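Visitor: Dropping a structure here in structure tokens format, bear with me for questions.
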Amino acid sequence: MREVTYTAAAREALAEAMEKDPTIFVVGEGIGPRGGNFNTTQGLYEKYGPMRLRDTPIVERGFVGMCTGAAMTGTRPVVDFMFFDFILDAIGEMVNQIAKMQYMSSGRLKMPIILRGCIGIGGSAATHHSGSYYPIFVHLPGFRVVLPTTAYDAKGLFATALTSNDPVLFLEHKLLLNQKGSVPEEWYTIPFGQARIVREGTQATVVTLGSMVRKVEEACDALAKEGISIEVIDPRTLAPLDIDTVLESVHKTGRLLIVDETFAPCGIGAEVAMQVMERGFDDLDAPVMRLNGVHTPTPYSPALEAVIVPNTQSITQAIHDLLAE
Amino acid sequence: MLKDLALDKQTFLSLYHQMLVIRRCEEQLAKSYAAGMIPGACHTYVGEEAIATGVCAHLTHADAVFSTHRGHGHALAKGVPPHEVIAELFGRATGCSRGRGGSMHLFSPEVGLMGTSGIVGPCILQATGAGYSFKLMDKPNVGVAFFGDGAVNNGAFHEGLNLAAIWDLPVVYVCENNMYATEVAFSYATRNQDVAERASTYKMPAVSVDGNDVIAVYEAAGEAIKRARAGKGPSFIECKTYRTRPHAEGMRDAGYRTTEEIEEWKRRDPIMGLKDKLLVGNLAAEGDFAKIEAEVTALIEEAYEFAKNSPYPDPATVTEHIYSS
């Protein structure tokens, strides 16, 4: 099968959905003739013009609120934030309006809106271009939170988002955008709430996501040479969260580590660990562990940036610690 | 004066009828609040009836209205029946939001009432988005935002008006300037109290009218809506008015405005004002008003009885409609 980048894969889903559904339109800064800062809309403006590829002034609250009204009246906006940090200027519209609209209208209004953007630490982007923030949105009822790791998942999950009637946060880690992977040319969808078993193993389960998946795989490759067998699970969507796949794995391995680039307090690790404790306590042979990014704003200097993100070494160490429990 | 207008007796009387429905409904709600039948807030529209009435008279159910926390009048004028409004404030399953919203969250998308809101500002952006939908889908409909003077120092005002202006969206912005944002005077809150002038800096037609004169509102709204339907872009109407009851039922009304001021505005009652004009101009007779009064009294009585006898929502439904599926 041919290989394309993560960004190109998501763009294929967008292009095909826009071809089929004339109510889809994209807004964002530089997503028109320029094709998006990260090439998310490359080539689409020429085909669909300014009403459907709408360059905006820098008014995140303004265009998110506008797209809320659009979604309430029969169209499907895709908001392209470039950097996801910018979403914080629109947080009131998202939390008070977008997430609550279906409920408050007792399901008579739908909220088919996609909020996409680049997340994550890397490349000395510094603190206003490195945030991830997804635990905040997982906490709130009403959002679908999607975090593809591979090009294949980027296309299939974006296709699902483009046909969903719920608000979807589609988060693309900056270190993954140019990663290539095998992607079918035809349209396909991946359901939300279905984890991917990245590799099978027997001695411990590692739940991880985004840019951490590759690092965990590297650690597991090295551990395999020592005869250690680790199962790795990428949830792919955090809301809904496929806890059943994690529970099945822990039933088999008895040990669980969550590796996540975002912060530990009230984070994904805390949530996964608690749900496993609630439903799978008897399967656990050791306390659940988590490994997170350091609880700090993101510094600029490579010397500082490098030490706040889990790496292959710290992941390997954490797995050893877990197995020693 | 009135005879110069191309309006017939039926139109005048239907405006009168609509204003009276709002007034009597609000009076019923105030009474019910005092009797302890409304578990939450109750923001009445008494004194401002001419605005919702004059604007919504031009709208169909396919036009989208987005409103604010003082939105009972907008809901009623847009076509939500009084029994659904009263039942909603009573927290009943038969309310227009099925008991999920109360005074500040009235929804009836079936008639184009896309929601009132407990947050000041978002309605401006959402109406802008409805305009975007209608333009994208090539529909002759209009997005209308109702908001108070309290919204015009907010970023949503400036961001929304600017977006509608640069994209020529079919939107009508209606500012109900009742001189107080909750209990903070507009004269204190801004150096430039000319709201229409502020709107006109975004290069859209902006007028200021007597918001207690339903004919003045009706005429201005007619122009603005005609312009929007013809694809000529957004317009702005500032309606100078006053709420003659406290911000919310049960709240103190002293310390920020005088009894004299309230009494002065009560003398400028929009409903009595229209009646006097029609009588003086021999366009209607006392009998016409008596008939309407009897009709409306019966309607609100029935609505109250319906609401009072309606069931509360089934607690088993409390998590329904958070997501579309």
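Every read-out reported here was derived from the displayed coordinates using simple, explicitly stated rules and does not represent laboratory data. Computed from a predicted structure; not experimentally measured. Note that we place each Cβ from the backbone using ideal geometry, even for glycine, and neighbour counts take in every protein chain shown.
Visitor: In Å, what Kirkwood hydrodynamic radius results for chain A from the alpha-carbon pair distances?
Guide: About 20.2 Å for chain A.
Visitor: Also: For chain A, what does the helix formula give at 222 nm: sum of -39500 (n - 2.57) over DSSP H segments with n ≥ 4, over the residue count, nearest 500 deg cm²/dmol?
Guide: -10500 deg cm²/dmol
Visitor: Quick check on my link table: of B:K240/B:K266; B:K139/B:K240; A:K110/B:K139; B:K240/B:K277; B:K31/B:K277; B:K135/B:K226, which ones sit more than 22 Å apart, alpha carbon to alpha carbon?
Guide: B:K139/B:K240; B:K31/B:K277
Visitor: By its C-alpha gyration tensor, with a ≥ b ≥ c as the square roots of the eigenvalues, how is the stretch B:175-325 shaped: rounded for a/c under 1.5, else prolate for a/b larger than b/c, else oblate?
Guide: rounded
Visitor: Based on the Kirkwood radius over alpha-carbon pairs, what value in µm²/s does the Stokes-Einstein equation return for the translational diffusion coefficient of chain B at 20 °C and 1.002 mPa s?
Guide: Translational D for this selection: 107 µm²/s.
Visitor: So for chain B: antiparallel DSSP bridges make up what percent, rounded to the nearest 5?
Guide: Roughly 10 percent of the DSSP beta bridges within chain B come out antiparallel.
Visitor: Next up: Classify the stretch B:1-147 as rounded, prolate or oblate from the Cα gyration tensor: take a ≥ b ≥ c as the square roots of its eigenvalues, call it rounded if a/c is under 1.5, otherwise prolate when a/b beats b/c and oblate if not.
Guide: Since a/c reaches 1.5 but b/c is at least a/b, the shape of the stretch B:1-147 is classed as oblate.
Visitor: Highest first, please rank the peptides A:194-205, A:221-232, B:39-50, B:143-154 by the mean number of other Cβ atoms sitting within 10 Å of their residues.
Guide: B:143-154, B:39-50, A:194-205, A:221-232
Visitor: Also: Quick one: P(r) of the stretch A:3-52 from all Cα-Cα pairs, 5 Å bins, percents rounded to integers, in order of increasing distance.
Guide: 5, 22, 34, 26, 11, 2, 0
Visitor: Quick one: in the stretch A:132-241, what % of C-alpha pairs are over 23 Å apart?
Guide: 31 percent
Visitor: For chain A, find the longest principal axis of its Cα atoms and tell me its angle to the long axis of helix A:312-324, 0 to 90°, nearest 10.
Guide: 50 degrees
Visitor: Where does the stretch A:74-200 land on Rg(C-alpha)/(2.2 N^0.38 Å)?
Guide: 1.09
Visitor: Rg (Å, one decimal) plus Dmax (Å, integer) for the alpha carbons of the stretch B:111-155?
Guide: Final numbers for Rg and Dmax: 11.5, 33 Å.
Visitor: Once R0 is set to 22 Å, what does the formula 1/(1 + (r/R0)^6) return for the Cβ-Cβ distance between A:Q42 and A:R2, expressed as a FRET efficiency to the nearest 0.05?
Guide: Calculated transfer efficiency: 0.80.
Visitor: A further question follows. With N residues in the protein assembly as shown, what two-decimal value do you get for its Cα radius of gyration over 2.2 N^0.38 Å?
Guide: The protein assembly as shown yields a ratio of 1.09.
Visitor: Next up: Using Stokes-Einstein with the Kirkwood hydrodynamic radius over Cα pairs, what translational diffusion coefficient do you get for the stretch A:224-303 at 20 °C and a viscosity of 1.002 mPa s, in µm²/s rounded to a whole number?
Guide: Approximately 153 µm²/s, per Stokes-Einstein.
Visitor: Could you tell me which of rounded, prolate or oblate describes the stretch A:183-325, using a ≥ b ≥ c as the square roots of the eigenvalues of the alpha-carbon gyration tensor, with rounded for a/c under 1.5 and, failing that, prolate when a/b is larger than b/c and oblate otherwise?
Guide: Rounded, because the longest to shortest axis ratio a/c is under 1.5.
Visitor: Another question about this same structure. Of the beta bridges DSSP finds with both residues in the protein assembly as shown, what % are antiparallel, to the nearest 5?
Guide: 15 percent
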